[in-house]
Amino acid sequence: MRRAIVGTAGHIDHGKTRLIEALTGIDCDRLAEEKARGITIDLGFAWLAEGDLQLGFVDVPGHERFLHNALAGLGGIRLMLLVVAADEGVKPQTREHVAICALLGIPAAVVALTKADLVSDDLLGLAQLEVEELLQPTPFAGAPVVPVSALTGAGLPRLRELLLARAAEVAVAANPAQPARLPVDRAFHLKGLGVVVTGTLAAGRIAAGDELVVVPGGQTARVRSVQVHGQSRDEALAGERTSLQLAGVELGELGRGQQLAPAGALATTHRLLAHCRWLPEAARALGGWTPVRVHLLAGETLGKARALQPAELAPGGEGIVELRLDHPFAAVRGDRLVLRRPSPAATLGGGEVLDPQWRRRRGRPRDAAVAALAAGRREAFLLWVEEAGEGGATAADLGRRLGARAVDVVPELAALTAENRLLAVTAPGGDARWLAPAVVQRVPARARRVLKEYFQRERLAEGMPRAEAVRRILRGRGGELADRYLDWLQAQKVLTLAGDRVAPPGRRAELSGDESSLATQVIAAYEAAGLTPPSPGELATRLRAKPQIFDGVVRYLLQQGRLVRLPGGLLLSRQALESLIASLRETGWERFSVPQFKDRFRLSRKWAIPLLEHLDSLAVTRRVGDDRQLVR
């Protein structure tokens, strides 16, 4: 089955809704106000099937006051049905709708000259010439023009034939393997059914029982049932008008512009980079930050736009535009957007998203990033991986920016790796990461600087703690790949690894004569005090040692294993601890309480609890309730 969505376009009261009803038998005006006033206010929907071709119609409002509603329905349109009344010809809204459809990249158009029964042949010919002149400078030049009358039926068979033929040319086969993506254009409550949303399925498939996430929002909803064009279905496929009955989410949590997708498939953004065309009708050139209303799929938000390349976008020109959004959007590379002036409302331009997660830059780095994104998908991959920094990017990270599955991104990443433009590593959790060589090459110089600064300050240190080295050498998510980076740095002779310590190659811990003498006095004092030694501050005062020198000596003795640090920071000599363990095993106890332990070794609670916790960590004892069991 091939699928295509047809969107109407044209001025108010030119007969769009009546024409669709004549073609499909479906009245798209569902609101009482629409029927009372005789105008379309919100989106309407109809459908038509012929053989293996399925057409969905989106009837949009023609009045300029309701253009924001019209834009919500134009996402995913493959064919424009331009409706022009023969007795009025091209009107302002006709021109704006055509400009918007061109900005959205709709690939084809068919024109219906309605109310043909109300005019003479001469007026009908003039109307046709006016339409052809309107379309000449647009991508829709040469589109077929068919005079029709919804009242008499004249021209309808020919129009239907042309719609089916052009739709067959532009219909896109659904790819069920893509992540599902449903932009919500309506959300409402039906008695007996609950929450229902509708939209044109932009990608993938959705079936009953699927769990989808609301973006933005984050709520998880379960699909209870699926309808396509009013008919119950097991699943909906990309390109179909879809209605979903949802569970697990409240109506107040849903609204037009949100999207439904599998968990992790989409990310929200406040910054976009897009290739845009500025309409000739725009009153001014786009230069610095300018207020705009951004329309993307079914959503809209206020924001600001500025031209980057060139620095000023003249009316009728095109270039790269940066967008800053007031509210979060879910977007992927390749999405089409329209930019309008907030007040007085007018369409300014629009184009295609190049980067849905654009990061602000200045100077040459920004110019290089823009050039990479404009160059194509492979160069965009390289830029995004470099942006990910030392933690690297996963295929899922990149897939979110493309609206693609991780598995479909891997072959392109593998090809770039084979060309030595990327590095592939495996993170501890088993997921593959890709790194930019330029990012990795910055790490050795930083590692040398960090180690040099550490050992100049901590001159008695035998080695820098591994956790501290990782924190200071690797940035962002780089710590997740610490094992790989440390192995690389050791292979390059930037550092050496010894247990949980990191040091420059050939580093030896040596004490000066005075420091060695102080170390002898410190260890002698701790060994003589047994299980109740003085605090470091008390001992430093007693030995008349400078605090900085004393602290360095203590760190050295801890690294040598001659002192032991207990939970809570208390210090004990290794000799005293080993003596305690030997005495404990000579007691013959199998199980003992804290009071028994305190009495036996004449300890206060201050020392007893940290000692027992340390013995637990050494597997000398094991806690059983409030007691300890001696491990034999």
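Quick look at the values:
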read-out: Radius of gyration and maximum dimension Dmax of the range 207-254, Cα, Å; value: 10.9, 29
read-out: From phi via Karplus (6.51, -1.76, 1.60), per-residue ³J(HN,Hα) for the range 360-369 in Hz, x at Gly/Pro; value: 5, 9, 10, x, 5, x, 5, 4, 5, 5
read-out: Check: the chain dipole with +1 on Lys, Arg Cβ and -1 on Asp, Glu Cβ, in debye; value: 3320 debye
read-out: Protection-proxy order for peptides 147-159, 260-272, 11-23, each taking the mean of Cβ atoms within 10 Å per residue, highest first; value: 11-23, 260-272, 147-159
read-out: Cβ-based net charge around T301, under 12 Å, with every Lys or Arg adding one and every Asp or Glu removing one; value: +3
read-out: Computed [θ] at 222 nm, helices only, for the chain once each DSSP H run of length n ≥ 4 contributes -39500 (n - 2.57); value: -10500 deg cm²/dmol
read-out: Charge sum, other residues only, whose C-beta stays under 9 Å from H270's C-beta, Lys/Arg counted +1 and Asp/Glu -1; value: +1
read-out: Dipole of the chain [Lys/Arg +1, Asp/Glu -1 at C-beta], most positive-end residue of A22, V196, I581; value: I581
read-out: Solvent-accessible ranking of E300, E387, E586, largest area first, probe 1.4 Å; value: E586, E300, E387
read-out: For peptides 617-629, 124-136, sequence by mean Cβ density within 10 Å, most packed first; value: 124-136, 617-629
read-out: Quotient of Cα Rg and 2.2 N^0.38 Å for the range 382-490, N being how many residues it contains; value: 1.21
read-out: Förster radius 45 Å - calculated FRET efficiency between R555 and H275, Cβ distance, rounded to 0.05; value: 0.20
read-out: Candidate aspartates and glutamates - alpha carbon under 16 Å from K91, same-chain residues fewer than 8 apart omitted; value: D13, E64, E130, E132, E133, E281
read-out: Kirkwood hydrodynamic radius over Cα pairs of the range 542-614, then Stokes diffusion coefficient at 37 °C and 0.692 mPa s, in µm²/s; value: 236 µm²/s
read-out: Overall Cα dimensions of the range 182-273, principal axis frame, Å, largest first; value: 40, 27, 20
read-out: Local net charge near A247, Cβ-Cβ under 15 Å (Lys/Arg +1, Asp/Glu -1); value: -2
read-out: Stokes-Einstein D (µm²/s) once Rh is taken as the Kirkwood radius of the chain over alpha-carbon pairs, at 20 °C in 1.002 mPa s; value: 71 µm²/s
read-out: Residues with amide H under 5 Å from that of A282, placed H, sequence gap 5 or more; value: G316
read-out: About the Cα centre, charge dipole magnitude for the range 277-393 (Lys/Arg +1, Asp/Glu -1 at Cβ), debye; value: 260 debye
read-out: Set of lysines with alpha-carbon distance to K452 below 26 Å, sequence-local pairs under 8 removed; value: K493, K546
read-out: Two-site label geometry, R449 and Q490: point separation in nm, points 7 Å out along Cα→Cβ; value: 2.5 nm
read-out: Phi to ³J(HN,Hα) by Karplus 6.51 cos²θ - 1.76 cosθ + 1.60 over the range 562-577, Hz, x for Gly, Pro; value: 7, 10, 10, 9, 8, x, x, x, 5, 10, 8, 6, 4, 4, 5, 5
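The values are calculated or read from the model by the stated rules, or taken from the named source; none is laboratory data. Worth saying up front: this structure is predicted, and the values here are computed from it rather than measured. Here the Cβ is made from the backbone with ideal geometry for all residues, glycine too, and neighbour counts use every protein chain on show. Protein only, heavy atoms only, side chains kept; ligands, DNA and RNA dropped before computing areas. Shrake-Rupley method; radii C 1.70, N 1.55, O 1.52, S 1.80 Å.
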